[in-house]
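Trainee: Quick one: the structure is below, and I'll ask about it shortly.
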Protein chains: 2
Amino acid sequence: MAERAGCCLPKLAPRLDAAEARRISNDLAILAHPIRLQILDLLAQYQGQVCVCDLEAALPVKQPTVSHHLKILREAGLITAERQGLWIYYSICCDAVQTMRERVMAQFAFLG
Amino acid sequence: MAERAGCCLPKLAPRLDAAEARRISNDLAILAHPIRLQILDLLAQYQGQVCVCDLEAALPVKQPTVSHHLKILREAGLITAERQGLWIYYSICCDAVQTMRERVMAQFAFLG
DNA sequence: CATATATATTGAAGGTTGTCAATATACAGC
DNA sequence: GCTGTATATTGACAACCTTCAATATATATG
């Protein structure tokens, strides 16, 4: 470990400013829920063919909870909805996922 | 969008099982806080030379809050502490960060 | 031992999040 | 219009998270 005279370091400015830290932590918080990860995974797998009742059947939560998580993902721009008659089919927005992935990756690169 | 007769899809199994989803969402939740991201960033930048009072001076939270976030990061294995006299110097565990990065990356790959 | 400093822990208060029953809304078919 | 089905929204409750003042612990020095 590095030698040092005493505490503290003269200055110590984060490369990551508060605004960018908030932005990335928001990104991460959206993904940081098992149901939302599983929803994204299912949408990626069955792109454009998944309605809410499919998700409810596949996941261990009730319909209002599924809708709640879909709303969070929708508001984050990660998924879109398309109504067809009674059903609403959801899809992943691959480019939005990609953008978020790049932000997260860039952050990891700084830490490594 | 894909054509379908009606609701719902015959079966719809997540590639991501509940246990793996929980694991990755736990990983993400640890990072999903602006102060923790800034702490990691500072530790990466001044590896092994950063004590708690340095962090307190650089961040907009009080000392107990810094210690609280350090504890979360320590318990996740992402950082280690080494006491030298009165001060405790923190370092990033690069390989633990790397491991987490790989899990997160692998998940993103599935979504893209 | 007494004092001073650095860090950790405790406990309390406030805020946010996750879940679901109940209800509302939107659409299709009669 | 009425009925039935799919989804969204509301509201309530519980669990969890974040923060900090106060306090405890550890260490160094006189």
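Trainee: Is at least one residue of segment A:69-82 within 9 Å of DNA strand C (Cβ to nearest atom) and assigned to a helix (DSSP H, G or I)?
Mentor: Yes: segment A:69-82 contains one or more residues that are within 9 Å of DNA strand C (Cβ to nearest atom) and assigned to a helix (DSSP H, G or I).
Trainee: Looking at (1) within 15 Å of DNA strand D (Cβ to nearest atom); (2) open to solvent by 40 Å² or more (accessible area, probe 1.4 Å), which is the one condition that is false for B:Tyr89?
Mentor: In the conditions (1) within 15 Å of DNA strand D (Cβ to nearest atom); (2) open to solvent by 40 Å² or more (accessible area, probe 1.4 Å), B:Tyr89 misses (2) alone.
Trainee: Now a separate question. On the given criteria, is A:Arg36 closer than 27 Å to B:Ile30 by Cα, within 12 Å of DNA strand C (Cβ to nearest atom) and of a type in the set (Lys, Arg)?
Mentor: Details: closer than 27 Å to B:Ile30 by Cα: yes; within 12 Å of DNA strand C (Cβ to nearest atom): yes; of a type in the set (Lys, Arg): yes.
Against the criterion (closer than 27 Å to B:Ile30 by Cα, within 12 Å of DNA strand C (Cβ to nearest atom) and of a type in the set (Lys, Arg)), A:Arg36 qualifies.
Trainee: Here is a list: B:Leu73, B:Leu59. Which entry is in contact with a helix residue (DSSP H, G or I) (Cβ under 7 Å, 6 or more places away or on another chain), farther than 14 Å from A:Pro14 by Cα and touching a residue at least 24 places away in the same chain (Cβ under 8 Å)?
Mentor: When all the criteria are applied, what remains is B:Leu73.
Trainee: In segment A:44-60, what residues are assigned to a loop (DSSP other than H, G, I, E, B) and over 20 Å from B:Gln107 (Cβ atoms)?
Mentor: Matches in segment A:44-60: A:Gly48, A:Gln49.
Trainee: How about segment A:70-86: which of its residues are buried (at least 17 other Cβ atoms within 10 Å of the Cβ) and touching a strand residue (DSSP E or B) at 6+ places or on another chain (Cβ under 9 Å)?
Mentor: The answer is A:Leu70, A:Leu73, A:Leu78, A:Ile79.
Trainee: Tally the residues that are more than 9 Å from DNA strand D (Cβ to nearest atom) and in contact with a strand residue (DSSP E or B) (Cβ under 6 Å, 6 or more places away or on another chain), restricting the search to segment A:50-69.
Mentor: Residues flagged as more than 9 Å from DNA strand D (Cβ to nearest atom) and in contact with a strand residue (DSSP E or B) (Cβ under 6 Å, 6 or more places away or on another chain) within segment A:50-69 amount to 0.
Trainee: Just to be sure I understand, how many residues within segment B:15-28 are surrounded by 17 or more Cβ atoms within 10 Å (Cβ to Cβ) and at pLDDT 95 or above?
Mentor: 6
Trainee: Still on this structure, please answer the following. Just to verify a result, which residue in segment A:41-59, among those that are at the interface with chain B (Cβ under 7 Å from one of its Cβ atoms) and within 14 Å of DNA strand C (Cβ to nearest atom), is most open to solvent (accessible area, probe 1.4 Å)?
Mentor: Only one residue tops the list, namely A:Ala57.
Trainee: Determine whether A:Ala96 is away from chain B (no Cβ under 11 Å) and open to solvent by less than 50 Å² (accessible area, probe 1.4 Å).
Mentor: Spelling it out, it is not the case that A:Ala96 is away from chain B (no Cβ under 11 Å) and open to solvent by less than 50 Å² (accessible area, probe 1.4 Å).
Trainee: Among B:Leu12, B:Leu31, which is over 20 Å from the mean Cα position of the chain (by Cα), within 30 Å of A:Cys93 (Cβ to Cβ) and either open to solvent by less than 60 Å² (accessible area, probe 1.4 Å) or within 9 Å of DNA strand D (Cβ to nearest atom) (or both)?
Mentor: On the way: B:Leu31 fails: over 20 Å from the mean Cα position of the chain (by Cα).
The conditions single out B:Leu12.
The values are calculated or read from the model by the stated rules, or taken from the named source; none is laboratory data. In this text the structure is predicted, and so the values were computed from the model without any measurement. No Cβ is skipped: glycine too gets one built from the backbone with ideal geometry, and neighbour counts run over all protein chains shown. When the accessible area is computed, the model is the full protein with side chains, heavy atoms only, and any ligands, DNA or RNA have been set aside. Shrake-Rupley method; radii C 1.70, N 1.55, O 1.52, S 1.80 Å.
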